[in-house]
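Chemist: Just passing along the structure, written as structure tokens.
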Amino acid sequence: MDKMRIGIVGCGDISGIYLKNLTELYREVEVTHVCDVMAERARGAAEEHGIRRFSTDMNELVNDPQVDIVLNLGRTFDHFGISAAALNAGKHVYSEKPLGITFEEGKALVDLAEEKGLLLGCAPDTFLGGAFQTCRKIIESGMIGDLIGASAFMVCRGHESWHPNPDFYYKPGGGPMLDMGPYYITTLVNLMGGIKSVSGMAKKSFPVRTITSEPRFGETIEVEVETHVNGLMEFENGAVGNILTTFDVYHSKAPSIEIYGSEGTLQVPDPDWFGGEIKLYRPETEDYSVIPSMFPYDGNCRGLGLADMAKAVQTGREMRVSGRRALHVLEVMCGFIKSSEERRTVDIGTGYTKPALMKSTGLAGILD
Ligand SMILES: NC(=O)c1ccc[n+]([C@@H]2O[C@H](COP(=O)([O-])OP(=O)(O)OC[C@H]3O[C@@H](n4cnc5c(N)ncnc54)[C@H](O)[C@@H]3O)[C@@H](O)[C@H]2O)c1
């Protein structure tokens with residue numbers, strides 16, 4: 001079967017791991033074109049990874065007949081423009097998260113893709129990793145009984161200590177909920193099912209942030225979004241949950257995610273990664289046991305969702321990391337902020353159906 005040809009728009013911080021995995025790990029795709037408005041980034045990516053074409057104008061890339069799928073690695077507020085341009089040029093699109101910076105942007109992209117008969121996928125794909133597929137198997141095997149609730153904590157002091165250009169994390173489309181929430185909410189719905197209503201309470205603790213990473217050490221950023229966001233979730237199955245995402249707080253010892261059932265508690269690892277330690281508490285043992293991963297892809301497999309989508313284009317089977325699922329996650333995240341602003345519970349209109357569990361083909365980088 002011919003390899004699916006990938007064109008990448010945005011050769012910034014996260015592009016390195018995508019380029020590595022798409023050129024070395026996933027064997028049924030090839031990167032044919034890279035683009036960044038900053039010429040040195042596009043040229044550097046092409047030279048380092050042996051990509052035959054680079055450009056500085058995304059219109060060249062989205063209209064390149066040698067590109068089947070556009071991988072959108074722009075900043076959050078660039079996502080809509082890049083994805084819409086690619087879909088309008090007749091290309092399938094896989095976007096970094098979030099799908100858009102508002103529910104309306106995400107919905108417009110899902111509608112556009114469906115109208116044009118194209119596939120739209122969206123990160124995160126970490127929930128396809130071995131640890132998270134194992135957690136789902138544990139829950140679906142009944143090992144924690146009926147689902148009662150869940151707690152999730154994403155606690156950090158912000159990204160300005162390590163990201164070279166962290167401004168976008170504090171502009172519309174940024175903030176801890178839209179930036180890190182996708183990992184947590186995507187994992188929660190994959191484990192628990194869809195969410196039907198949310199409420200939230202959010203604040204901005206620091207109006208100005210000081211960059212401590214290089215090369216812009218000492219520069220400041222005006223904060224335009226809430227940076228400490230609490231949310232409550234009512235799941236379709238009757239379970240209830242809570243989530244805290246914050247860029248304002250130092251080290252917490254709270255677990256990343258806990259799932260509570262009538263027969264036990266499951267500690268789920270950090271959903272920003274593909275693997276991690278899974279712990280299960282059952283009353284018989286009166287302690288936590290570590291459960292080994294039962295699925296492949298435990299390392300840094302970024303791009304797994306795109307490889308899965310490429311297989312879906314080739315075979316016609318359903319893709320796992322779909323825009324429709326990402327839209328549900330986006331509606332939930334925006335719902336917390338809306339609830340906080342309007343001081344009321346917000347109903348979620350989009351639904352969520354769990355994708356098929358991953359299957360091992362026995363060959364790393366070949367999807368089922
Ligand atoms: N950095 C991380 O660790 C990380 C991790 C996971 C996800 N992400 C997500 O990946 C996305 C990109 O993040 P990043 O950290 O790489 O950002 P970045 O600012 O380092 O890189 C973005 C790049 O996109 C380019 N760009 C933007 N619009 C463009 C256009 N129209 N045409 C061509 N080039 C364009 C910019 O010039 C820039 O080089 C964000 O959505 C972010 O949330 C980042």
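The values are calculated or read from the model by the stated rules, or taken from the named source; none is laboratory data. These numbers were taken from a predicted model, which means no experiment stands behind them. Here Cβ is always computed from backbone atoms with ideal geometry, including for glycine, and neighbour counts include all displayed protein chains. SASA here: full protein model, heavy atoms, side chains in, ligands and nucleic acids out. Shrake-Rupley method; radii C 1.70, N 1.55, O 1.52, S 1.80 Å.
Chemist: Please enumerate the residues belonging to the range 294-348 that are open to solvent by less than 30 Å² (accessible area, probe 1.4 Å), more than 20 Å from Gln133 (Cα to Cα) and assigned to a loop (DSSP other than H, G, I, E, B).
Modeler: Ile348
Chemist: Sticking with this structure for a sec: Pull out all pairs, ordered by first then second residue, where Cβ-Cβ is under 7 Å, the residues are six or more apart or on different chains, the first lies in the range 186-215 and is in contact (Cβ under 8 Å) with a residue 60 or more places away in the chain and part of a loop (DSSP other than H, G, I, E, B), and the second is among the β-branched types (Val, Ile, Thr) and open to solvent by 10 Å² or more (accessible area, probe 1.4 Å).
Modeler: So the pair list comes out empty.
Chemist: Being open to solvent by less than 20 Å² (accessible area, probe 1.4 Å) and aliphatic (A, V, I, L, M) is the filter; apply it to the range 181-212 and report the residue that is nearest to Leu330 (Cα to Cα). Let's see the steps before the verdict.
Modeler: Pass one, the range 181-212, residues open to solvent by less than 20 Å² (accessible area, probe 1.4 Å): 181-195, 197-198, 200, 209, 211.
Within this subset, residues satisfying the condition of being aliphatic (A, V, I, L, M) are 185, 188-189, 191-192, 195, 198, 211.
On the way: Ile185: 9, Leu188: 13, Val189: 12, Leu191: 17, Met192: 17, Ile195: 11, Val198: 12, Ile211: 28 Å.
The qualifying residue nearest to Leu330 (Cα to Cα) is Ile185.
Chemist: What helices (runs of 4 or more DSSP H) lie completely within the range 1-110 and have 2 or more residues being at pLDDT 95 or above, away from the ligand (no atom under 13 Å from the Cβ) and not β-branched (Val, Ile, Thr)? Give the steps one after another, and end with the answer.
Modeler: On the way: elements: 15-24, 39-49, 58-62, 79-88.
It comes to 15-24, 39-49, 79-88.
Chemist: So how many residues does the range 204-250 have that are in contact with a Leu (Cβ under 6 Å, 6 or more places away or on another chain) and within 22 Å of Thr76 (Cα to Cα)?
Modeler: Residues that pass the stated criteria total 1.
Chemist: Checking Ser161 against (1) touching a residue at least 60 places away in the same chain (Cβ under 8 Å); (2) in a loop (DSSP other than H, G, I, E, B); (3) touching a Ser or Thr at 6+ places or on another chain (Cβ under 9 Å), which single condition isn't satisfied?
Modeler: (1)
Chemist: List, please: which pairs have Cβ atoms under 7 Å, are six or more places apart or on different chains, and start with a residue in the range 307-330 that is touching a residue at least 24 places away in the same chain (Cβ under 8 Å) and end with one that is acidic (Asp, Glu) and in a helix (DSSP H, G or I)?
Modeler: Once the first residue is touching a residue at least 24 places away in the same chain (Cβ under 8 Å) and sits in the range 307-330, its partners that are acidic (Asp, Glu) and in a helix (DSSP H, G or I) give Met319/Asp308; Arg320/Asp308; Val321/Asp308.
Chemist: Moving on to the next point. Look at Phe206 and say whether it is at pLDDT 95 or above and touching a Pro at 6+ places or on another chain (Cβ under 6 Å). Full working, then the answer.
Modeler: On the way: at pLDDT 95 or above: yes; touching a Pro at 6+ places or on another chain (Cβ under 6 Å): no.
No; evaluated as a whole, the condition is false for this residue.
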